[in-house]
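What follows is a set of notes on a single structure, which appears directly below.
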């Protein structure tokens with residue numbers, strides 16, 4: 001998961017234009033300045049392009065909801081990637 | 001000072017990556033840009049950033065560049081007027097607006113964009129107290145989608161009922177255009193309707209009179225047929241087709257965030273809208289400069305000879321070069337000036353055009369042919385001088401990355417698209433940039449190559465004439481003079497909005513504003529078309545002036561540079577003086593307002609015998625000519641048709 005964490009962090013840095021941005025599993029949308037609903041879409045698009053996956057409409061909405069964090073994003077992404085491999 | 005090596009190398013790499021559909025390599029470019037800004041090379045950074053903004057950007061990179069543009073924005077003070085654009089949309093348009101701003105920045109346009117809350121576009125137009133009317137935009141973009149159709153028929157509706165619904169649908173849009181234009185004199189940009197991917201009637205959809213698909217395609221037809229000149233129909237349906245309709249309408253983002261299309265395609269969408277605005281501001285390209293070897297044919301003519309180059313039937317690659325030539329020829333026929341810039345012996349290069357049976361392009365299609373061993377940057381400048389056009393109106397096409405890089409470095413004003421190695425991709429490589437976007441096609445466009453070629457012939461006649469007077473007489477020039485009217489409105493509008501050099505005040509006007517002046521009895525408008533023994537130059541001069549209290553004030557005086565030094569200015573002055581005297585105006589007044597491009601007319605009024613009377617706006621000068629104290633017309637070698 002460490003490799004994935006770094007790659008996701010790279011995507012965050014590009015999308016938010018902040019080379020020093022550090023994300024952790026517990027990071028939520030409230031912790032990252034500018035992570036509003038528009039930025040959320042930008043993030044999803046960048047993730048999809050970077051990893052070659054697609055998020056379902058419900059996932060797109062859920063990942064921004066209260067109580068969600070980067071850890072959950074990593075889990076969702078990880079399971080999509082493992083399904084891609086098999 | 002040209003951009004640094006680091007900037008140019010990063011730019012080349014970035015353009016290559018974007019063209020290849022890669023993403024993520026902007027880091028080097030960003031670093032180079034920030035370094036340049038830190039080093040105080042603001043202009044070089046701005047210039048490089050501008051050229052990095054291409055329609056092949058992926059969404060994330062485009063937003064990254066947009067952030068940079070906004071961050072540097074204050075420091076990249078651009079000259080020129082601020083163009084006000086209102087965007088009224090039925091969907092979430094924030095990203096689209098950002099990207100439009102980005103592409104307009106790339107085109108050199110300073111803009112201020114007003115974006116209304118989504119979904120209230122009708123109210124904004126119909127409510128005279130709305131923010132739209134306070135903002136007073138020059139362009140109003142009605143960003144709608146197929147979901148805004150309000151009169152879709154039931155499947156059971158008969159043909160007559162469908163016709164009635166079409167009329168009502170069109171009427172509801174025309175009403176908005178009319179209301180907005182009547183109060184704002186703005187140019188309206190209206191999306192047509194992007195057909196969804198799904199069709200409940202399947203193959204029968206386009207045939208059934210009351211199907212959604214049939215209704216929408218008829219509606220799109222009605223839009224272009226009935227839109228007045230002040231309305232530009234933006235063909236978003238074509239964008240959707242280019243993207244592939246299922247890809248375009250990624251419904252996840254409509255349902256989740258009310259985006260009009262998949263975010264990835266917002267980049268091309270914004271580029272398309274921006275290209276329409278830039279074109280109407282006179283920033284479209286005019287001239288295509290073409291390399292020969294491995295661009296118009298496969299192989300090197302100097303080495304391979306006439307029989308050895310790959311061109312034409314029987315060989316896939318040879319046919320691809322021929323297809324590209326056919327595309328280029330079609331561009332020429334619609335008014336793009338074609339030029340050749342090749343490293344070759346001139347006679348060898350010309351021989352292909354004269355003798356190769358598979359050539360589609362022939363010498364008469366090329367307005368300016370330059371083949372020699374000089375560097376291409378110098379030759380591109382030579383072509384600009386010979387054709388008398390601005391470097392920023394040229395597109396340089398070359399298969400060789402080295403040549404592209406050299407021209408990017410030494411002639412930064414010229415657009416240099418990435419070209420793929422396979423000639424099959426050449427057409428697309430050019431098309432995607434929308435260099436030659438236009439909102440109207442007129443007689444001048446259709447004859448342009450011929451006009452420019454005639455000009456080159458004129459120049460050789462001038463070189464052989466013993467003096468200027470003899471030369472002008474030998475041209476046998478005749479002029480047609482007419483006020484601005486329906487017959488020449490498109491061309492007059494084009495000149496007013498595109499001319500930069502011979503333009504005394506560089507005031508830009510929409511079709512609506514021009515028609516207002518035409519209809520006002522206090523205004524005098526005048527156009528001149530010029531023909532001579534080499535051909536017809538078409539409409540080449542426009543003047544608009546306002547008379548009051550015995551004074552005729554010249555608001556706008558424009559002439560095409562291809563008829564410089566022929567006495568047209570004197571001819572126009574004579575006509576203005578005559579018209580003024582007839583109406584009892586005894587004083588002509590005109591201003592010269594300097595811009596970066598119109599130095600050529602700094603002494604225009606002085607040369608015509610006007611007296612300097614004081615300063616004018618923006619560091620300009622104000623001039624007057626009394627007509628009632630013995631002023632006389634100067635004879636010119638221009639007859640009247």
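The values are calculated or read from the model by the stated rules, or taken from the named source; none is laboratory data. Treat the numbers as computed from the prediction; the structure is a model and nothing was measured. All Cβ positions, glycine included, derive from the backbone under ideal geometry; neighbour counts span all protein chains shown.
Does residue B:504 qualify as being surrounded by fewer than 18 Cβ atoms within 10 Å (Cβ to Cβ), touching a helix residue (DSSP H, G or I) at 6+ places or on another chain (Cβ under 9 Å) and either more than 22 Å from residue B:471 (Cα to Cα) or touching a residue at least 40 places away in the same chain (Cβ under 8 Å) (or both)?
Numbers: surrounded by fewer than 18 Cβ atoms within 10 Å (Cβ to Cβ): no; touching a helix residue (DSSP H, G or I) at 6+ places or on another chain (Cβ under 9 Å): yes; either more than 22 Å from residue B:471 (Cα to Cα) or touching a residue at least 40 places away in the same chain (Cβ under 8 Å) (or both): yes.
Spelling it out, it is not the case that residue B:504 is surrounded by fewer than 18 Cβ atoms within 10 Å (Cβ to Cβ), touching a helix residue (DSSP H, G or I) at 6+ places or on another chain (Cβ under 9 Å) and either more than 22 Å from residue B:471 (Cα to Cα) or touching a residue at least 40 places away in the same chain (Cβ under 8 Å) (or both).
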>> If I ask for residues that are modelled with pLDDT under 80 and buried (at least 18 other Cβ atoms within 10 Å of the Cβ), which ones from segment B:424-444 would you list?
In response: B:442, B:444
> Just for segment B:455-497: of the residues that are outside the structural domain of residue B:528 (by TED's automatic domain parsing) and within 31 Å of the chain's Cα centre (by Cα), which one is farthest from residue B:511 (Cα to Cα)?
Replying inline: B:460
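Strands (runs of 3 or more DSSP E) wholly in segment B:527-641 with at least 1 residues that are more than 32 Å from the chain's Cα centre (by Cα) and either at positive phi or in contact (Cβ under 8 Å) with a residue 40 or more places away in the chain (or both) - which ones?
Passing ranges, in order: B:587-592, B:611-616, B:620-626, B:638-640.
Quick one: is residue B:223 in the same structural domain as residue B:93 (by TED's automatic domain parsing), at pLDDT 95 or above and surrounded by 14 or more Cβ atoms within 10 Å (Cβ to Cβ)? Before the answer, list the steps.
Details: in the same structural domain as residue B:93 (by TED's automatic domain parsing): yes; at pLDDT 95 or above: yes; surrounded by 14 or more Cβ atoms within 10 Å (Cβ to Cβ): yes.
Yes: the conditions hold for residue B:223.
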> Would you pick out the residues in segment B:413-423 that are closer than 17 Å to residue B:51 by Cα, out of contact with any strand residue (DSSP E or B) (no Cβ under 6 Å at 6 or more places or on another chain) and either at pLDDT below 90 or surrounded by 17 or more Cβ atoms within 10 Å (Cβ to Cβ) (or both)?
Replying inline: B:417, B:418, B:419
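From the list B:354, B:317, which residue is part of a helix (DSSP H, G or I), surrounded by 13 or more Cβ atoms within 10 Å (Cβ to Cβ) and on the phi < 0 side of the Ramachandran plot?
Details: B:354 fails: surrounded by 13 or more Cβ atoms within 10 Å (Cβ to Cβ).
Every option except B:317 fails the conditions.
Each row is one residue, and each column tells you yes or no for (1) modelled with pLDDT of 95 or more; (2) within 16 Å of residue B:84 (Cα to Cα); (3) assigned by TED's automatic domain parsing to the domain that holds residue B:189; (4) not in a helix (DSSP H, G or I).
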residue: B:122; (1), (2), (3), (4): no, no, yes, no
residue: B:134; (1), (2), (3), (4): yes, yes, yes, no
residue: B:141; (1), (2), (3), (4): yes, yes, yes, yes
residue: B:152; (1), (2), (3), (4): yes, no, yes, yes
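Taking segment A:36-71 as the search range and keeping residues that are more than 14 Å from chain B (Cβ to nearest Cβ), part of a loop (DSSP other than H, G, I, E, B) and under 12 Å from the mean Cα position of the chain (by Cα), which one is surrounded by the fewest Cβ atoms within 10 Å (Cβ to Cβ)? Step through it out loud before you land on a result.
The first filter runs over segment A:36-71 and keeps only residues more than 14 Å from chain B (Cβ to nearest Cβ), leaving A:66-71.
After this cut, where a residue has to be part of a loop (DSSP other than H, G, I, E, B) as well, the list is A:66-69.
So of that shortlist, the ones also under 12 Å from the mean Cα position of the chain (by Cα) come out as A:68-69.
Working: A:68: 14, A:69: 17.
So the residue we want is A:68.
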>> I need the full set of residues from segment B:35-66 which are under 25 Å from residue B:248 (Cα atoms) and not in a loop (DSSP other than H, G, I, E, B), in order please.
In response: B:52, B:59, B:60, B:61, B:62, B:63, B:64, B:65, B:66
>> Quick check on my filter: what residues within segment B:79-106 are closer than 16 Å to residue B:139 by Cβ, under 23 Å from the mean Cα position of the chain (by Cα) and not in a helix (DSSP H, G or I)?
In response: B:80, B:81, B:82, B:83, B:84, B:85, B:86, B:87
>> Tell me yes or no: at least one residue of segment B:29-51 is free of Cβ contacts under 8 Å to residues at least 12 places away in the same chain and either closer than 20 Å to residue A:12 by Cα or within 14 Å of chain A (Cβ to nearest Cβ) (or both).
In response: yes
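Can you pull out every residue in segment B:300-312 that is surrounded by fewer than 21 Cβ atoms within 10 Å (Cβ to Cβ) and either outside any strand (DSSP E or B) or under 31 Å from the mean Cα position of the chain (by Cα) (or both)? Let's see the steps before the verdict.
Initially, segment B:300-312 is screened for residues surrounded by fewer than 21 Cβ atoms within 10 Å (Cβ to Cβ), giving B:300, B:302-308, B:310, B:312.
Across segment B:300-312, the qualifying residues are B:300, B:302, B:303, B:304, B:305, B:306, B:307, B:308, B:312.
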>> Checking the condition buried (at least 20 other Cβ atoms within 10 Å of the Cβ), more than 14 Å from chain A (Cβ to nearest Cβ) and touching a helix residue (DSSP H, G or I) at 6+ places or on another chain (Cβ under 9 Å), which residue from B:86, B:13, B:62, B:9 passes?
In response: B:86
> Somewhere in segment B:280-299, is a residue more than 30 Å from residue B:372 (Cβ to Cβ), in contact (Cβ under 8 Å) with a residue 60 or more places away in the chain and assigned to a helix (DSSP H, G or I)?
Replying inline: yes
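A quick yes/no check of all residues on (1) more than 14 Å from chain A (Cβ to nearest Cβ); (2) under 21 Å from the mean Cα position of the chain (by Cα); (3) at pLDDT 95 or above; (4) under 30 Å from residue B:388 (Cβ atoms):
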residue: B:258; (1), (2), (3), (4): no, no, no, no
residue: B:276; (1), (2), (3), (4): yes, yes, yes, yes
residue: B:281; (1), (2), (3), (4): yes, yes, no, yes
residue: B:284; (1), (2), (3), (4): yes, yes, no, yes
> So which residues in segment B:235-256 are more than 14 Å from chain A (Cβ to nearest Cβ) and closer than 19 Å to residue B:119 by Cα?
Replying inline: B:236
>> Looking at B:444, B:450, B:403 in this structure, which one is assigned to a helix (DSSP H, G or I), in contact (Cβ under 8 Å) with a residue 40 or more places away in the chain and within 21 Å of residue B:278 (Cα to Cα)?
In response: B:444
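This table checks each residue for (1) buried (at least 17 other Cβ atoms within 10 Å of the Cβ); (2) closer than 23 Å to residue B:489 by Cα.
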residue: B:158; (1), (2): no, no
residue: B:183; (1), (2): no, yes
residue: B:189; (1), (2): yes, yes
residue: B:210; (1), (2): yes, no
residue: B:213; (1), (2): yes, no
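Provide a single number: the residues in segment A:9-27 that are assigned to a loop (DSSP other than H, G, I, E, B) and on the phi < 0 side of the Ramachandran plot.
Going through segment A:9-27 one residue at a time, the tally reaches 10.
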> Can we say residue A:16 is farther than 27 Å from residue B:71 by Cβ, buried (at least 16 other Cβ atoms within 10 Å of the Cβ) and within 11 Å of chain B (Cβ to nearest Cβ)?
Replying inline: no
>> All but one of (1) at pLDDT below 90; (2) closer than 26 Å to residue B:425 by Cα; (3) not in a loop (DSSP other than H, G, I, E, B) hold for residue B:11; state the number of the condition that does not hold.
In response: (1)
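May I ask you to list the residues in segment B:154-198 that are more than 32 Å from the chain's Cα centre (by Cα), touching a residue at least 40 places away in the same chain (Cβ under 8 Å) and either in the same structural domain as residue B:516 (by TED's automatic domain parsing) or part of a helix (DSSP H, G or I) (or both)?
At the first step, the residues of segment B:154-198 found to be more than 32 Å from the chain's Cα centre (by Cα) are B:154-168, B:198.
After this cut, where a residue has to be touching a residue at least 40 places away in the same chain (Cβ under 8 Å) as well, the list is B:154-159, B:161-162, B:165-166.
Of everything in segment B:154-198, those that are more than 32 Å from the chain's Cα centre (by Cα), touching a residue at least 40 places away in the same chain (Cβ under 8 Å) and either in the same structural domain as residue B:516 (by TED's automatic domain parsing) or part of a helix (DSSP H, G or I) (or both) turn out to be B:159, B:161, B:162, B:165, B:166.
Looking at residue A:74, is it surrounded by 12 or more Cβ atoms within 10 Å (Cβ to Cβ), assigned to a helix (DSSP H, G or I) and more than 12 Å from every other protein chain (Cβ to nearest Cβ)? Steps first, answer last, please.
On the way: surrounded by 12 or more Cβ atoms within 10 Å (Cβ to Cβ): yes; assigned to a helix (DSSP H, G or I): yes; more than 12 Å from every other protein chain (Cβ to nearest Cβ): yes.
It is true that residue A:74 is surrounded by 12 or more Cβ atoms within 10 Å (Cβ to Cβ), assigned to a helix (DSSP H, G or I) and more than 12 Å from every other protein chain (Cβ to nearest Cβ).
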> Do the conditions hold for residue B:270, that is, is it more than 26 Å from residue B:233 (Cα to Cα), more than 14 Å from chain A (Cβ to nearest Cβ) and under 28 Å from the mean Cα position of the chain (by Cα)?
Replying inline: no
